[in-house]
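The values are calculated or read from the model by the stated rules, or taken from the named source; none is laboratory data. Note that the structure is a prediction, hence the values are computed from the model and not measured. All Cβ positions, glycine included, derive from the backbone under ideal geometry; neighbour counts span all protein chains shown.
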Amino acid sequence: MSRSSTLTNVTALVFDTYGTVVDWRASVAAEGRALAQKKRIDGVDWEAFADAWRAGYHPAMKKVRSGERPWTTNDVLQRERLDEIVAEFGIKGLSESDKDEFNRAWHRLKPWPDAVKGLKRLKRRYIIGPLSNGSFFLLANMAKHAGLPWDCIISADNFHHYKPDAEVYLGAVELFGGQADRVMLVAAHNYDLEQARRHGMKTGFVLRPTE
C-alpha cells in the first residue's frame, strides 16, 4: 500500500511524547549536571541517573493501572521515584524545594532536532497533539518550553488511565469523532503502536536509536 493511500482518511495525528518527540535522557542528564554544579555534587553519572529515574516509570504506573493505588498523576509518580534514586545514588544536600524543582525537569524536555520542524509541516494538513502518559500540566509546560506546535493536548489525565490501557486509545478516538481509522498514533515504541492498532487506529513508527 502506498504512503498516500495509507493516510487518505487520516485527519488527526497523535504522538507519543517521551522519546518520540523529546529527548528525555539527554534533557534530564543536562538538568542533573546543572544542579550538580549549583549544589556542588560530584561523582554522579547523570545519564545513568536519568535511566534509573525513567526505569521506575512503568512499575509506578502499573500500580495505578492495576487498581493497587488510586489515580495518581505522572508528576507525583516521578517525584516519588526521585526520592528513591537520590538515595540510591548517594546524593546529599538537596532540600525538598530542590527536588521539587528538579522534578520539573520533565516539564522542560528538549525536542529532537527534527521534531519541531516536522510537526509544523504536519500541522498544515492534520490536527496534531500528544497522546501521552505525561500529566496535562507537564505537556502544556513542555509545549511552551520546547515550542511544540500542538493543536490540542491529550493526556492520561483526560481518562484517568495510563497507556497501554484501552481507555486511552479509545478515548483519543472518541475525542476526534469516534472513527479510529481517521486517527494515527506516531511513536518510537512498538508496544504503544501495537495497542493503537488493536483498537483500529493507524500507526506511524519513528526510529529513535536510543529508544
| task | Need at least 1 residues that are outside the structural domain of GLU47 (by TED's automatic domain parsing) per element, so show me which helices (runs of 4 or more DSSP H) inside the stretch 82-167 make the cut, counting only ones lying wholly within it. | result | 115-123, 136-146
| request: State whether one or more residues within the stretch 188-197 are in contact with a helix residue (DSSP H, G or I) (Cβ under 7 Å, 6 or more places away or on another chain), touching a residue at least 24 places away in the same chain (Cβ under 8 Å) and not in a helix (DSSP H, G or I). | output: no
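Residue-by-condition table, conditions (1) without any contact (Cβ under 8 Å) to a residue 12 or more places away in the chain; (2) within 19 Å of ALA50 (Cα to Cα):
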| site | (1), (2) |
| --- | --- |
| GLU101 | yes, yes |
| TRP106 | no, yes |
| ALA115 | no, no |
| LEU119 | no, no |
| CYS152 | no, no |
| ALA156 | no, no |
| PHE159 | no, no |
| query | Only one residue in ALA166, ALA115, ALA180, ALA196 is closer than 30 Å to ILE85 by Cβ and of a type in the set (Gly, Ala, Ser). Which one? | reply | ALA115
| Among ALA166, ALA143, ALA115, which is the only one that is in contact with a Phe, Trp or Tyr (Cβ under 7 Å, 6 or more places away or on another chain) and within 16 Å of VAL14 (Cβ to Cβ)? | ALA143
| said: So TYR162 ticks every box in (1) out of contact with any Lys or Arg (no Cβ under 6 Å at 6 or more places or on another chain); (2) crowded, with 19+ Cβ neighbours inside 10 Å but one. Which box is left unticked? | reply: (1)
| Exactly one of (1) closer than 30 Å to GLY118 by Cα; (2) over 17 Å from the mean Cα position of the chain (by Cα); (3) of a type outside the set (Lys, Arg); (4) not in a helix (DSSP H, G or I) is unmet by GLY32. Its number? | (4)
| task | Go through (1) part of a helix (DSSP H, G or I); (2) touching a strand residue (DSSP E or B) at 6+ places or on another chain (Cβ under 9 Å) one by one and return the number of the condition LEU13 breaks. | result | (1)
| message | Considering only the stretch 55-69, I want to know if a residue exists there that is at pLDDT 95 or above, over 23 Å from the mean Cα position of the chain (by Cα) and part of a loop (DSSP other than H, G, I, E, B). | response | no
